[in-house]
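The values are calculated or read from the model by the stated rules, or taken from the named source; none is laboratory data. Quantities reported herein were computed from a predicted structural model and do not represent experimental measurements. Neighbour counts are summed over all protein chains in view; Cβ atoms, including those assigned to glycine, are modelled from backbone coordinates with ideal geometry.
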Amino acid sequence: MYKTYKTVLGVGIMLGALYTLSSNISRSSGPHKAQSISAVGPNKSHQSCSVCHSGGNYSPSMTISLKKDGNAVTTYEPGETYQLEFNIAATGSPAAYGMQAVAIVDKDDSNAGVLTADITPNTHISGDTYFEQSQRNTNSKFEASWRAPAAGTGSVSFIGIGLAVNGSGTSGDEATSEVTLSIQENISTSTLEGTNTTVSVYPNPTNKTLNVVLSNPSNISLVDQLGNVNINIEGSTGEQTINVEDLAPGVYNLIISNDAEVIKERVVIQ
Ligand code: HEC
């Protein structure tokens, strides 16, 4: 009787130890990958790290920056690749750090662009969406590559949250509050030099009006990807302001034509 009890107890302790071990490994190997936990995510689905992580004495704070060739940028060029950098500053001597971040399109809360690779060791991209630690990290800097979305996406936000941890294998560590970095799409004026005509177009992308400045009288048309002519203005001169508010979002061809030439420019309506 006594012997049976000991065996049962022994198996129970072993199972308990195995459970603790596996849950420790899995939980610190990335909140999304290991536990499907998103501090933030598409459609702002949300479960903050601080639901489970709190206490500690490290008072961490986090900064996010987007860089091109080592220099911080405030706008992105569609399709270009950037480095996304997260830094966690903390007081005291944390044993390690952890984090999670996402890139979101401001206008519809969908994923923005593609997190293509992890630059920092001990991180991974989980579910194509979450950039996070793959184990607690002794370095407080986390970096990933980010490929910017297509033209017309508009402003995006990088939302991240970080932890300075004591390495205890428990969740009694301190979560920082969310940090957001907003980056605008680069909206520029295109100046097109024809043989006889100079055309300026701004802003591009646009969502309300498109301004076309002509040095010579010309016809202006806006043609969608299927070849439908959505706007046609004959004999325009000087500056023309075109209302594009009612056009479906997408990429259009702006065609400027006169007796001497035809000039084309790609215009994005958001
Ligand atoms: C549902 C509860 C829960 C949430 C939410 C959660 N974690 Fe954890 N996390 C845990 C538990 C439990 C542990 C302890 C087990 C371990 O260390 O593996 C842990 C451990 C960790 C560790 C290792 C801690 C140490 O001192 O060893 C890091 C780093 C970490 N989590 C990061 C995060 C981040 C970043 C978030 C938010 C994006 C997050 N966690 C959200 C439950 C959670």
For region 179-212, how many residues are under 27 Å from the mean Cα position of the chain (by Cα) and over 16 Å from residue 267 (Cα atoms)? 6
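Is it the case, given these coordinates, that residue 36 is within 11 Å of the ligand (Cβ to nearest atom) and farther than 20 Å from residue 106 by Cβ? Give the steps one after another, and end with the answer.
Working: within 11 Å of the ligand (Cβ to nearest atom): yes; farther than 20 Å from residue 106 by Cβ: yes.
Answer is yes for this residue.
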Any idea which residue in region 129-181 is surrounded by the fewest Cβ atoms within 10 Å (Cβ to Cβ), counting only those that are of a type in the set (Ser, Thr, Tyr), within 12 Å of residue 112 (Cα to Cα) and more than 10 Å from the ligand (Cβ to nearest atom)? 155
Just to be sure I understand, how many residues within region 56-98 are closer than 30 Å to residue 151 by Cβ, in contact with a Leu (Cβ under 8 Å, 6 or more places away or on another chain), of a type outside the set (Asp, Glu) and surrounded by 15 or more Cβ atoms within 10 Å (Cβ to Cβ)? 8
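Working carefully through the options 182, 177, 145, find the one that is touching a Ser or Thr at 6+ places or on another chain (Cβ under 9 Å) and closer than 30 Å to residue 209 by Cα. Step through it out loud before you land on a result.
On the way: 177 fails: closer than 30 Å to residue 209 by Cα; 145 fails: closer than 30 Å to residue 209 by Cα.
Selected residue: 182, the only one of 182, 177, 145 that is touching a Ser or Thr at 6+ places or on another chain (Cβ under 9 Å) and closer than 30 Å to residue 209 by Cα.
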Write out, first by first residue and then by second, each pair whose Cβ atoms fall under 7 Å of each other, whose residues are 6+ apart or on separate chains, and whose first residue, in region 48-63, is assigned by TED's automatic domain parsing to the domain that holds residue 92 while the second is near the ligand (Cβ under 7 Å from one of its atoms) and assigned to a helix (DSSP H, G or I). 49/31
Filter pass, residue 205 being surrounded by 14 or more Cβ atoms within 10 Å (Cβ to Cβ), touching a strand residue (DSSP E or B) at 6+ places or on another chain (Cβ under 9 Å), of a type outside the set (Lys, Arg) and touching a residue at least 24 places away in the same chain (Cβ under 8 Å): yes
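Taking the stated definitions as given, is residue 241 of a type in the set (Ser, Thr, Tyr) and closer than 28 Å to residue 75 by Cβ?
Working: of a type in the set (Ser, Thr, Tyr): yes; closer than 28 Å to residue 75 by Cβ: yes.
So residue 241 passes the test.
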